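What follows is a single structure, written as C-alpha cells, with notes after it.
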Amino acid sequence: MAVAEYGDSDRGTKRQKLANGNGHVETAHRSRVFAPYRTVGLVSPTKVPFTSVPLGKTTFQITTSVGRSLQTYDLRRGLNLVFITRPQTPEIITASAAWKDKVFAAWGGGSEESERGVWVFKRGKQESALEMPRSLEENVEKFCIFGSWIVGVCSTTLLVWKTDSYELYTTIKGTSPVPFTQSIASLPTYLNKIIIGRRDGSAEIWNVSAGKLVYTILPPSSSYGAITALEPTPALSLVAIAYESGPILIHDIRADQTVITMNASSGLAVTSITFRTDGMGAGDDGRKPGVMATASTTSGDITLWDLNNGGRKAGTLRAAHAHPTTSTPGGVSRVEFLAGQGVIVSSGLDNSLKTWIFDETPFSPIPRILHQRQGHGAPVTRLEFLPSASDGSDDTGKWLMSGSNDRSLWAWSLRRDGQSTEISQGAVQGKARKQGLLASENRDSFDNLKCPPITAIACSLNRDGGIGAVPGKHPIWQNAKGKKIDAEVSGMTGWESVVTAHENDSKARTWFWGRKRAGRWAFETGDKGNVSSVAMSPCGTFAVVGSSTGAIDLHNLQSGLHRQRFPARLTPQQAKQLKTDMEKHGLVEENEGKKVFYRGQGRHACAVVGLAVDNLNKTVISAGSDGKLKFWDFSSGLLRHQIDWSLSCGMVAMRFHRGTDLVAVSCTDGCVRVVDTNTYKLIRELWPSRPTTNALQGLPITDLVFSNDGHWIATAMGQLVLLWDLPTGHLVDACKLKASCTSIAFSPTGEYLATASSDSMGVDIWTNRTLFTHVPTRHITALELAAIVTGEAQAPTSSGENADTIIPIDSSEDMDDTDDLLAPIDYDTELDTLSADLVSLSLIPRSRWQNLLHLDLIRQRNKPIEPPKKPEKAPFFLPSLQDRQAAQKGLLPAQPEVAEPETALSRIHSKARESSRSPFTTLLQSTVTSPFDEGFTAFFTHLKSLTPSAADLEIRSLSPLPLSLPNLRTPTSEISAFVEAITWSLRQHRDFEIAQAWMAVWLRCHGSFIGSDEGVREVVEEWRDVVEVEKGRVEELLGYANGMAGWLRAARV
C-alpha cells in the first residue's frame, strides 16, 4: 500500500543562504592579494548527466553540471558556451532537468542534516525555488517533467510539484523497503503516469495525481539485479528496461509482456538508453526506423541497436569517451538522440561533451564526430603560462598550458573558451583502431599510444613559426641520431617551441605551439635515466634535459642533434691525462676561496630537480636533490661554481627569473632560498613562520613561481598558497584551497595566478587585486598563519561568482587599511610630524626661488628694446577696440563727481596712509617681540607666499636702523632680525633650499654691514655655524641613501 501525503503541514521550506545579495555573508579567510576569478577546463566532470531542450526549430541547448553551477551550450554554434548559472548552489548539484526555457537544479549535501533545495534558473539566473518538505533527509537524484507535473526521485520518496506554481503537490512513499533507482520515465498518452525502477529489479507505475501505485512489473529473474535505465520507445506502450546484470528488455506495459530481449556486451550494465525519432537509421540502407543507442558508466563505448526483426547489434562506437581506470575516471554518463534529428549527444565522466551525426555515404551505422567540448579527464598536475613572444604580439598572458594524469597537454585561452584546445599527439585513434585497441579491455594498451603524464613544461616562443612551422607531414617524437637532417626549411619557418618531461620516461618530447601538435624530436637522456627536469634557452634554439640519475644534456631543437653534456665528456686521452695529473699534483687548487673544477668533474650524483639558462646563453644552472646548486659554462660544459647545502637540506624544485638573475630553490626543510646568480650569494631565506607552525611541519613545497616582475615568490604547500615579498623577505599573503595544490603559475603580465588542485579537473584562475586597488602587504604573523591553516578553504568558481568582490567597496577590513590613503593630506601637519633627524625641502615651485637668485638678469633680459608705438588710427566710423577695453577697465575719463566734504581725504591723511608698514615688516618685527615661535611661523608663511620680485623688494627694503619697539627682547635691527629668522628655519630642518636662496639675496644687498655693524656680524656668524652643521648632516644622509640604493641594486632585489 502506497502512502501519499497532502496538505500544508509538511510543505515548509528551509531557510537558504543566498550570496547574491548585498547582505553580509560570512566567508572564509580570503587572500588579500588574489581574488577568485573563475575556473577553466570544466565541461562535464560530475556524475550528473546532461539535459537538453529544443530551442525553437533551429537549435538545441544542452546543460551540464560542473559541481555547484550549470553550463549551457548551444548546438548550432558548435557547442558554444552561452550561459553559466549564478549564484552557485549552497551544496553540490545532484540532479538537473531542462524544461521549456528553464532549468531545474537539485542540490544537497552528503549528510542527513545538510541543506537541500531545488532552484529554477532562466538564462543563467536564478528565478525561483521549489517548495521543499521540512522533513526531507534525502537528496533529489533525478527529475521527470511532463505535462503539469515535476517529479523528483529520492532514495525512498517521490516529490511531486506543480509546474505552474512550483508548489509541493504531494510526497509519495511506497510500502516496499527497497530503494528507488535513478531510473524514471513518463509514459506517453498515459495520463499522469510515470514508471520508476527499484533496486530489486521491479518497475512500478504510479499515478502522480492520485498518489497511487497502479501496477508493478516484476523482473524475469531475480538474478537480473537492479534496474539501471528506463526509456519509453517511440512506439506506444513499449518501454526499454535495462538491468544491472546486462539484459535489455523491450517490454509492453499494457500487456505486461516482453517483446524483445537483448544482452549488452561483456555483461556491462546499461545506464542510458535513447531512441532515434526521425524514422531513419535502421536496415541495410539506413532508411528504416527502429534505432536504439545504449551506453554504460563502466565503458566508454556507445552501442547501436537495430530493433527490426527481433533486434540485433548494428555497431559499436568504440572509445567515444575514455574508459575508466583505477587512476582516471571514464565511461559514458548519458547518451541521447536529439528529437527529430540524426544527431546523438553523449557526455562522459572524462569531462567531455560530444555530438555525433549519421551522414556518411555510403550508409554507416556508426556516426562521426560533429562537435566536442572537453577538458582534462584527470586532475591537473602541471601548469605553465605561455611566455611573451619576441614579436610583441598581444597574446601575452592569454594562454595557459596544463598537463594531467590523463596523458594530455592542453592550451587554455583565458579570453575565449572556444579557442582552448588539446595539443595533438598524432592519429592516436586511427592507430588504436588498426591495432584493435579501442575496446575497453585494452585501455592500458591504448593509453600507451599517448605520451606518459607530463611532469615538467618549458617554453620559448622566440623561434616559434606559428601555423607554418616546418610544413608538411613528419613523424613525431623521433631520435635524430644517425639521420640526415635538412635544417634549411625549419631555419626559414621556425621549429618546436615547447619541451616536456614525462613520468617514468627517459625521453623529453617537443611540441609545435603554433601548429598545436606534437613535434619531431624525443630527446633521450645521456645515461638512460628518466627525465626529471627540462629547460629551454631564451633564444628558443636549445633544450636542456636533466635525468633522475644526474645527467644533463643539451640538444638543438632545429636539427634535433645532441650538442653538449654537463659536465663535458672526456676523451680517453683527456681522461688519462687528468688521472695522471691528479696522481702527480692532486689538483687541489683554490682561487680566492673558490674551488677549481676541471673538465669532466662536477656531475650530479642524484636527480636533477631544476634547470635554467641565463639571458645570454652563457650559464646553465642546475639544482640536484642532494642539495647542490651548480653553475655550468654553456659552451664548454665546465663547472664554474657550486653551492653546497647537502649537509643541511635537499632540493625539491628550482625556478629562475631572467629579469633579475635570481634563482629560487625550494628545499626539503620547508624553506625557499634565493640566490643571486651574478655573485653566487644567498640573499634571502623565506620561511613560512618562525617557529614553524605545527600544521606545516612535514608539508613539502610542491611548486613555486616568481611573479612577472620578480617582486613576489608564490609557493604551494599542501592546501596553502603562500606569497612572499622578496625585497623585505616577509610572508605577505596566504590562502587555503579546498584540496592539495599540485602546481601554480604566474601570468607574464602579472594579471593572473593559476592553481591546480588534486581533486579537480579544472584550473583555478585568481586575479591580482593590486592592479585594481591598494592592497596592504604587511607581514603575516605565526598566529595569523595558524588561523588560516585551520580556517575554511577558498577557491574560484566556474561561474566566476566571487569575482564581484575584487574591489570590496564596503569591506571594513580593507577600508581601515586605506582610509589614510583616501584622506586629504595636510602638508604642514605632515611636515611637523617628521623626525627631527630629517631635513625637508619646501613645497614652493623651483622656479620661484631660482628666479629670486637671478632676478637682475631676468629684468635685464625682459627690458624693452624700443619705446611703445602709438597705434594707427582707425576710420572714424569704426569704434576703437582700445577705447572699448579702456572703458571696461575704467581708464577713460569719467564724468566729474562732486565730492562730499565729509568724505574727502585731506593731504595729511593721504601721506600717513602711504607711510604705513607692510605685512612683511610687521611680521618680521613680531619675531623679535613674541615670546614663542609663532612669530617665525607666520613670517615664513607670508614670505613663501610672495612672488620673486616682491620678496626681492622686501629684502632690499630692510632697514639697518635699530628698532624701537615695546617688548623687544634684545636691541636689534630689521636686517639682523631677518638673519635670525633664517637661522631659526635651519635649526627646525625645514625649507632648506629656499632659506639658502633668501640668504643669498640678503648677502648681495646688505653684505656690507657685516664689517661695520657688530650686531649684524654676530648673527651672521651664528648663521654660518648652523649652516656648517646642517651641511654635514645632509651629506651624511645622502651618503647613507646612496649606499643603501647601491646595495639594493647590487643584490638584484
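The values are calculated or read from the model by the stated rules, or taken from the named source; none is laboratory data. None of the values given here were measured: they were computed from a predicted structure. No Cβ is skipped: glycine too gets one built from the backbone with ideal geometry, and neighbour counts run over all protein chains shown. These area figures cover heavy atoms from the full protein model, side chains too; ligands, DNA and RNA do not enter into them. Shrake-Rupley method; radii C 1.70, N 1.55, O 1.52, S 1.80 Å.
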* Asked: Does Asp406 qualify as being within 30 Å of His321 (Cα to Cα), among the charged types (D, E, K, R) and at pLDDT below 90?
  -> no
* Meets criteria (charged (D, E, K, R), crowded, with 20+ Cβ neighbours inside 10 Å, within 29 Å of Leu349 (Cβ to Cβ) and touching a strand residue (DSSP E or B) at 6+ places or on another chain (Cβ under 8 Å)) for Asp733 -> no
* To do: Would you mind telling me which numbered condition in (1) closer than 30 Å to Val763 by Cβ; (2) in contact (Cβ under 8 Å) with a residue 60 or more places away in the chain Phe358 fails?
  => (1)
* To do: Sort through Arg416, Arg334, Arg373 and tell me the only one that's under 24 Å from Arg77 (Cα atoms) and modelled with pLDDT under 90.
  => Arg416
* To do: Write out, first by first residue and then by second, each pair whose Cβ atoms fall under 8 Å of each other, whose residues are 6+ apart or on separate chains, and whose first residue, in the stretch 1024-1046, is on the phi < 0 side of the Ramachandran plot while the second is open to solvent by less than 70 Å² (accessible area, probe 1.4 Å) and at pLDDT below 80.
  => Glu1030/Val839; Glu1030/His989; Glu1030/Phe992; Arg1033/Val839; Val1034/Val839; Val1034/Phe992; Leu1037/Val839
* **Top-ranked residue in the stretch 625-675 [being open to solvent by less than 20 Å² (accessible area, probe 1.4 Å) and on the phi > 0 side of the Ramachandran plot; ranked as modelled with the highest pLDDT]** => Gly627
* Asked: Looking at Arg684, is it basic (Lys, Arg) and not in a loop (DSSP other than H, G, I, E, B)?
  -> yes
* Could you please give the count of residues in the stretch 681-715 that are open to solvent by less than 70 Å² (accessible area, probe 1.4 Å), under 18 Å from Cys649 (Cβ atoms) and aliphatic (A, V, I, L, M)? => 7
* To do: Tell me which residues, restricted to the stretch 618-635, are touching a residue at least 40 places away in the same chain (Cβ under 8 Å) and within 20 Å of Thr500 (Cα to Cα).
  => Val620, Ile621, Ser622, Ala623, Gly624
* **Residue in the stretch 338-388 that is least open to solvent (accessible area, probe 1.4 Å), counting only those that are within 26 Å of Gly290 (Cα to Cα) and among the aromatic types (Phe, Trp, Tyr)** => Trp356
* Residue satisfying condition, being part of a loop (DSSP other than H, G, I, E, B) and either within 24 Å of the chain's Cα centre (by Cα) or closer than 21 Å to Ser743 by Cβ (or both), within set Thr702, Thr679, Thr660, Thr692 -> Thr660
* Asked: Of all residues in the stretch 233-248, which are more than 20 Å from Thr298 (Cα to Cα), open to solvent by less than 30 Å² (accessible area, probe 1.4 Å) and not small (Gly, Ala, Ser)?
  -> Thr233, Val239
* Looking at the stretch 280-329, which of its residues are part of a loop (DSSP other than H, G, I, E, B) and more than 50 Å from the chain's Cα centre (by Cα)? -> Gly283, Asp284, Asp285, Gly286, Arg287, Pro289, Gly290, Leu307, Gly311
* **Of residues in the stretch 210-224 being in contact (Cβ under 8 Å) with a residue 60 or more places away in the chain and assigned to a loop (DSSP other than H, G, I, E, B), the one nearest to Val160 (Cα to Cα)** => Gly211
* How many residues, within the stretch 772-796, are in contact with a helix residue (DSSP H, G or I) (Cβ under 9 Å, 6 or more places away or on another chain) and among the small types (Gly, Ala, Ser)? -> 2
* Asked: Quick one: would you say Trp1023 is aromatic (Phe, Trp, Tyr), over 54 Å from the mean Cα position of the chain (by Cα), modelled with pLDDT of 85 or more and open to solvent by less than 70 Å² (accessible area, probe 1.4 Å)?
  -> yes
* Within the stretch 1001-1038, can you find the residues that are within 16 Å of Glu974 (Cβ to Cβ), part of a helix (DSSP H, G or I) and among the acidic types (Asp, Glu)? -> Glu1018
* Got at least one residue in the stretch 969-983 being open to solvent by 40 Å² or more (accessible area, probe 1.4 Å), within 30 Å of Trp712 (Cβ to Cβ), of a type in the set (Val, Ile, Thr) and not in a helix (DSSP H, G or I)? -> no
* Does Thr728 count as surrounded by fewer than 20 Cβ atoms within 10 Å (Cβ to Cβ) and of a type in the set (Ser, Thr, Tyr)? -> yes
* Filtered residue count, the stretch 176-208, keeping only those that are in contact with a strand residue (DSSP E or B) (Cβ under 7 Å, 6 or more places away or on another chain) and either assigned to a strand (DSSP E or B) or aliphatic (A, V, I, L, M) (or both) -> 21
* Asked: Could we say that Val928 is closer than 22 Å to Glu1018 by Cα, touching a Lys or Arg at 6+ places or on another chain (Cβ under 9 Å), assigned to a helix (DSSP H, G or I) and among the hydrophobic types (A, V, I, L, M, F, W, C) here?
  -> yes
* Structure fact -> Exception for Gly110 within (1) assigned to a loop (DSSP other than H, G, I, E, B); (2) open to solvent by less than 50 Å² (accessible area, probe 1.4 Å); (3) closer than 26 Å to Thr271 by Cβ falls at (2)
